[in-house]
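Enquirer: This is the structure, below, for whatever I ask next.
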Amino acid sequence: MKKFILSASVVAAMLAGTNAKAQLLDEQNVTVTMDLQPILQLNMNGSQNVDFVFDQISEYVGGITQYGATNLQVSSTVSWDLYAAGFSSNASGGSLLWDNQVEYGASADPNAVTTLPLTLLELHQDKINSSVAGATGTYADYFQAFNSTAPLGSNAVYATSAPYTKPAATEKFIAGHNATSDFIAGGSYLILGGGFVGNGSNYSYTMDYRIIPGLPAVFPRATSGSGNNTTSAALNATTTTLYAQPGVYTMNVKYVLVEN
Amino acid sequence: MKIGAVGAEGQPVSIGVNAVTGSAACVISASTECDANPANSALVMNTTTNKEFIFDSFSKYNGGLTINGSTILKVKVADNPLSGGVCKWKLQMAVSNGTSPDDTEWETLFSYGSGSSGSKPTLDILQARIDNGCHTPQNAGVYISPFTTSLSPGNTVDIINTAFLTINPGAGAACSGGETNGVGTYLGLDYSEYSFVIDYRIVPGFDYLPGRYEISIKFCLTED
């Protein structure tokens, strides 16, 4: 009995002691996960087919210009670059030429050729590329005005057989450039930024197109190579006896928006 | 570090408090005026413990995402029957960013894309709005960025404490005032003073690296 009383006293003392030192502390935890998925959104307004029909002598000589045929609008959550790539089925095979769909006439003249370089197509963008510090080519963008005295290659489209490979520092970009330090920051044409919004911002570009066949049709504005140089294309550089075979030709321009 | 407390009925209460770099911990008061028995005093949360913000459209990046009422906390606090003092409690929140080497950024689980656009998101982009029926919390009903400073042990944000008491007896029968951080329970007549609804909002904008990020928020009920 004596032992029982002693044991009970010890237990009571322990309980009393722990109660005196007890501290209120309770907690609950919440885990917050944030998934920031990269979004690059390019809207293209305007017809997907831009037709140039040369059926007047004046059009051969003076060319045809399609003003504002394409409007590009960018919304991006990451820094981005935008470029145009002239492409065709021939280009995918390594020849930077238009695809000839139909030949008009007897096609008997050996000087009439269907090897039209992609670079005969010229582009003009409505506002200057604001981020080209790392560009090394003669022309960093397509902002040079369309006029009769524009230097050769100033507006020739960048032609390539690899349209999804970012162009080199020597080529033209519409916005941003090859260097990682040349980019447009994430944003949208829908949001006021730098005092501009909509078509006035760096997130919207209006593109003009021009083709000047010349007479004879040697396409004097075409350049050799990918487009950003001042050397004339083979059609009129090697001999003046070659000219374009009348017919239907097609190519396409890919506007590529990429993360910087 | 493990802190063990023993309740009045001898039930062990084991609370893990992470005191490593990148975590803020609950601050334990030396006072023992409140009953530590979890049957009598507790912080109850029956809502889900995972909140997921998925930004997969431009409008979500620009306008943000809000999760309303996703955390509901309920408090019950009793006097320590062995103490003659007055029990006062406080409710705090703290943040942890796991293994992040920077104590101002979210923990990166993985990154998307080239990883060259922008910086890692900072803790202050999380906004919280804490309120109850009696509007007793600090900044009640207003979105705030609670975690605006670097993490360090003990760097917590007070929701309820003695130094800041809002007594709003005119707000309804369940808001008699006086019990804002005193003894009481969400099961009693003044239930509004012991319940807290927390809304979360994130507006990331376009400055941050795409990726999956995580933080942990700790809500602490301690004596004041």
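Just so you know, all these numbers are worked out from the coordinates, no wet-lab data involved. All of these numbers come straight from a predicted model, not from anything done at the bench. As a convention, Cβ positions derive from the backbone with ideal geometry for all residues, glycine included, and neighbour counts pool all protein chains shown.
Enquirer: May I ask for the angle, rounded to the nearest 10°, between helix A:2-21 and the longest principal axis of chain A, with both axes built from Cα atoms and the value confined to 0 to 90°?
Expert: Taking the Cα atoms of chain A, the angle to A:2-21 is about 40 degrees.
Enquirer: So how long is each side of segment A:40-259 along the principal axes, counting just the alpha-carbon atoms, biggest first, in Å?
Expert: 58, 32, 30
Enquirer: Apply the Karplus curve 6.51 cos²θ - 1.76 cosθ + 1.60, θ = phi - 60°, to the phi angles in segment B:65-75 and return the couplings in whole Hz, x for Gly and Pro.
Expert: Once rounded to whole Hz, the list reads 10, 10, 10, 8, x, 7, 10, 10, 10, 10, 10.
Enquirer: For the pairs B:Lys51/B:Lys90; A:Lys127/B:Lys60; B:Lys120/B:Lys218; B:Lys51/B:Lys76; A:Lys254/B:Lys60; A:Lys166/B:Lys60, flag any whose C-alpha to C-alpha distance is greater than 31 Å.
Expert: Cα-Cα > 31 Å for no pair; all within.
Enquirer: Taking H as built 1.01 Å from N, whose amide H comes closer than 5 Å to the amide H of A:Leu24, not counting residues under 5 places away?
Expert: For A:Leu24, whose amide H was placed from the backbone, the distant partners under 5 Å are B:Cys34, B:Glu223.
Enquirer: What residue among A:Trp80, A:Gly105, A:Gly225 has its Cα farthest toward the positive end of the dipole of segment A:40-259, where the charges are +1 on Lys, Arg and -1 on Asp, Glu, each on the Cβ?
Expert: A:Trp80
Enquirer: Under 5 Å between amide hydrogens, which residues at least 5 positions from A:Thr70 or on another chain qualify, with H placed 1.01 Å from N in the peptide plane?
Expert: A:Met207
Enquirer: Then there is this: Using the Karplus equation 6.51 cos²θ - 1.76 cosθ + 1.60 (θ = phi - 60°), what ³J(HN,Hα) coupling, rounded to whole Hz, does each residue of segment A:57-66 give in order, writing x for Gly and Pro?
Expert: 4, 4, 6, 5, 6, x, x, 10, 10, 10
Enquirer: Hey, another quick one. Amide H neighbours of A:Gly227 under 5 Å, counting only residues 5+ apart in sequence or on other chains, H built in-plane at 1.01 Å?
Expert: Distant-sequence amide H within range of A:Gly227: A:Ala159.
Enquirer: Right, something else. In whole Hz, with x marking every Gly and Pro, tabulate ³J(HN,Hα) for segment A:149-162 from phi via Karplus 6.51 cos²θ - 1.76 cosθ + 1.60, θ = phi - 60°.
Expert: Values, residue by residue: 9, 4, x, 4, x, 5, 10, 4, 5, 5, 9, 7, 9, 10 Hz.
Enquirer: By how many nm would the segment from A:Ile128 to A:Thr180 lengthen if fully extended, with 0.36 nm per residue of separation less the alpha-carbon distance?
Expert: 16.8 nm
Enquirer: Sticking with the crude label model, points 7 Å out along Cα→Cβ, report the distance from A:Ala145 to B:Ser119 in nm, one decimal please.
Expert: Taking the simple label geometry, A:Ala145 and B:Ser119 are separated by 4.3 nm.
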